[in-house]
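Structure, as structure tokens:
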Amino acid sequence: MDQHETIDAGAAARATAALRDEAQLRAALREADIVPLLLLGAQLTGKDDLVERAAPFITGGWSFLNTIPEELRAEIGDRVVEALHALAEGRARSVPKPSPARFRQLLSYGVGESLPELYAEAMLEEWPEGTGDLRAVKWRLPVDAAAKEKLRVAIIGAGASGICLGAKLRAAGIPFTIYEKNKELGGTWFENSYPGCAVDIPNAAYSFSFAPNPAWSREFSGRDELLAYLKKLAADCDVTRSIEFETEAVSASFDEIGHRWRIGLKRGDGTHVEITAPVLACAVGQLNRPLVPKLPGLEKFAGKIMHSAQWDHGYDVRAKRVALIGTGASAMQVGPSIAPEVAELLIFQRSPAWVAYNPNYLKDVSTGMIWCLTNIPFLERWHRFLMWWAGSDALHPVLQKDPAWPMPDISLNQKSHELRGRLIDHIKSQLADRPDLLEKVIPTYPPYGKRMLRDNNWYKTLKRDNVTLITSDIAAIDQTGITDGDGKHHALDAIVLATGFHASRMLWPLEITGRGGKTIRDLWGDDDPRAYMGITVPGFPNMFVLYGPNTNLSHGGSIFFHAECQVRHIMLCLRELAESGLATIEAKQAVHDAYNQRVDAAHEKMIWTHRGMNTWYRNARGRVTTNSPWRIIDYWNMTRRLDRDDYIFE
């Protein structure tokens, strides 16, 4: 049986199951997002008449960016039912994976603009129904168990990236152990459990391509659902049994004679042990060490103090006077979540943030949509592809500086200025009756100068009678509360620090020593991390970094997708070692340096080096150390192959 027949057989079985109760199918179709159904119907039938009629009503990938008339929507539903019958009854045309040209044509209809060619190739790696995991690295030569044992990997961190790497290693038969400092897996989605904690990337894209979940309850799911997804993924991919919990890696030193890493571990009971492994993978992330700012007198406060990433669920905020320090991503979720419960909420804002409105942000996924995604073949992929484009590289041009642009202080280019206008229109629509707040919350810098946030009923929260937005400095903190920059003292019961993380202090406090006794801090200092493609560092053989320097995504996109790109490249490196019988691989210094020069040059043309900006994306000298300057598709293209000339092998 060839691949196309296998695909048809699996799809036919699902189509048959979906048609068992046609009334239920049709009811579900009426609730489902129409554009993925439109593309599915065209894929299954080869007929483009409905796609062409619908195209004028589609202006983007998001479901709210189309106004397809009801009559046409009904025809689209009928077309899908017709196609499923043909598929189930063996009358359908062959439905293999679409060609890149056909896929690009259909998805361009679905997003309301022409899809660049390279995206079709990248997204088609995720095509379902019998093709397998197309991002998995396959062995080219026979590799026995002994050779794989020589590649045993010690992974530090059981967050999303660590689990992804573990899943790929397990599939390849390479032994590994994950050392996790917490008592559970999940990384940031375990540690952050504050009220309102949720993702701000649509879950259809904020998940792994090889582990789809058609049953997300919301377009942007909450923390508990994301943590459950990661736990299920680890179990399904047989990763969980290889995690040692409550085991923190505190040091790692490369043994140049033995070609192994010596890793110091601290167990939950306080004991210290040393293990060795040929390969070290640091999957600790960028946002894992909470930053507590040096606020004058903070240590004097007699009430409750907690960082948003260390929420104390034993403390009841109800009827309490609470100060929320910070107005970033976590604050924008915490504030609206606790405001209805507290007696008073004082929000201390250092600088305003741009806040985008997305009608789907607080929206539950309809039961009909979940049913369709679960039961109709190929539909989940079309939905994911639409969300992938809507939330990723479509925004990249907005971030580019136009040297001739006449208003560089407030916007970067025409698209940036138009976006600024839309953002301000939304703010004014929310605060039209509060001009006193308007002047406090509209940023003076261009959109995306700092992290773009989602409106989680933020502006409605600011208007509550028990909420006060304070924009003056914190002058002092004493036992009973905070004195602001205007000299007013605010009595408090609790202070919540929504103040972010030590993002530029990457891999800290882990002590890592490479060749010649040189440490990672010798190279990076406290805030200047650099790596080739964010993954490998010269002088540190067989060490890989996941979510490393300049791999944070701030223009959109999914860190899950980036993790897949990084893991694939790591697996390519390991395959090269195993098949060649070599012991170590490390990036060449010249290649590493040239890459980082390109990173810096690209950033000079982008928003995050905008003059006067102060953001955690940059270090003390103004260099952008966290964010990727590349389009997501560019990073995919960089990492999908291994060029032996980029590396030193021994």
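Whether any residue in the stretch 480-501 is without any contact (Cβ under 8 Å) to a residue 12 or more places away in the chain, in a strand (DSSP E or B) and either among the aromatic types (F, W, Y) or under 30 Å from M638 (Cβ atoms) (or both) is what I want to check.
No; the residues of the stretch 480-501 include none that is without any contact (Cβ under 8 Å) to a residue 12 or more places away in the chain, in a strand (DSSP E or B) and either among the aromatic types (F, W, Y) or under 30 Å from M638 (Cβ atoms) (or both).
So A475 passes all but one of these: (1) at pLDDT 95 or above; (2) touching a Pro at 6+ places or on another chain (Cβ under 9 Å); (3) of a type outside the set (S, T, N, Q); (4) under 25 Å from P359 (Cα atoms). Which condition number does it fail?
In the conditions (1) at pLDDT 95 or above; (2) touching a Pro at 6+ places or on another chain (Cβ under 9 Å); (3) of a type outside the set (S, T, N, Q); (4) under 25 Å from P359 (Cα atoms), A475 misses (4) alone.
Please find, among L29, L72, the residue that is over 16 Å from N360 (Cα atoms) and surrounded by fewer than 19 Cβ atoms within 10 Å (Cβ to Cβ).
On the way: L29 fails: surrounded by fewer than 19 Cβ atoms within 10 Å (Cβ to Cβ).
Among L29, L72, only L72 is over 16 Å from N360 (Cα atoms) and surrounded by fewer than 19 Cβ atoms within 10 Å (Cβ to Cβ).
Yes or no, residue by residue, for (1) assigned by TED's automatic domain parsing to the domain that holds D78; (2) of a type in the set (D, E, K, R):
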residue: D364; (1), (2): no, yes
residue: I376; (1), (2): yes, no
residue: R381; (1), (2): yes, yes
residue: S416; (1), (2): no, no
residue: I424; (1), (2): no, no
residue: K428; (1), (2): no, yes
residue: P435; (1), (2): no, no
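Enumerate the pairs (first residue in the stretch 384-411 and within 17 Å of D33 (Cα to Cα); second residue anywhere and in a helix (DSSP H, G or I) and small (G, A, S)) with beta-carbon separation below 7 Å, excluding pairs fewer than 6 apart on the same chain, so at least 6 apart or on different chains.
So the pair list comes out as L386/G110.
Could you run through the stretch 490-524 and say how many residues are over 30 Å from A281 (Cα atoms) and loosely packed, with under 14 Cβ neighbours inside 10 Å?
Of the residues in the stretch 490-524, 1 are over 30 Å from A281 (Cα atoms) and loosely packed, with under 14 Cβ neighbours inside 10 Å.
Output the qualifying pairs, or none if there are none: Cβ atoms under 7 angstrom, residues six or more apart or on different chains, first residue in the stretch 596-610 and in the same structural domain as D634 (by TED's automatic domain parsing) and under 20 Å from R451 (Cβ atoms), second residue among the β-branched types (V, I, T) and part of a loop (DSSP other than H, G, I, E, B).
Partner pairs satisfying both residue conditions: W608/T615.
Which members of the stretch 352-407 meet the condition of being among the aliphatic types (A, V, I, L, M) and touching a Leu at 6+ places or on another chain (Cβ under 9 Å)?
Selection gives A353, V355, A356, V365, L373, I376, L379, L386, A390, L395, V398, L399.
Are any of the residues in the stretch 551-573 on the phi < 0 side of the Ramachandran plot, without any contact (Cβ under 8 Å) to a residue 40 or more places away in the chain and in the same structural domain as L280 (by TED's automatic domain parsing)?
The answer is no; no qualifying residue exists.
Please verify whether D528 is surrounded by fewer than 24 Cβ atoms within 10 Å (Cβ to Cβ) and free of Cβ contacts under 8 Å to residues at least 40 places away in the same chain, treating the condition exactly as stated.
Judged against the criteria, D528 is not a match.
How many residues are closer than 21 Å to I427 by Cβ and buried (at least 19 other Cβ atoms within 10 Å of the Cβ) if we restrict to the stretch 329-345?
Count: 10.
Residue by residue through the stretch 383-414, note down the ones that are farther than 15 Å from R631 by Cβ and in a helix (DSSP H, G or I).
Answer for the stretch 383-414, where residues must be farther than 15 Å from R631 by Cβ and in a helix (DSSP H, G or I): H383, R384, F385, L386, M387, Q414.
When the residues of the stretch 37-78 are filtered to those that are of a type outside the set (D, E, K, R), assigned to a helix (DSSP H, G or I) and without any contact (Cβ under 8 Å) to a residue 24 or more places away in the chain, which remaining residue is nearest to R384 (Cα to Cα)?
Only one residue tops the list, namely F57.
Within the stretch 257-341, which strands (runs of 3 or more DSSP E) (wholly inside it) include 1 or more residues that are assigned by TED's automatic domain parsing to the domain that holds K488 and within 21 Å of T499 (Cα to Cα)? Break it down stepwise before answering.
Working: elements: 260-267, 272-277, 279-282, 304-307, 321-325.
Fully inside the stretch 257-341 and qualifying: 304-307, 321-325.
The values are calculated or read from the model by the stated rules, or taken from the named source; none is laboratory data. Since the model is a prediction, treat every value here as computed from it, not as a measurement. Using ideal geometry, Cβ is built from the backbone for each residue, glycine included, and neighbour counts are taken over all protein chains shown.
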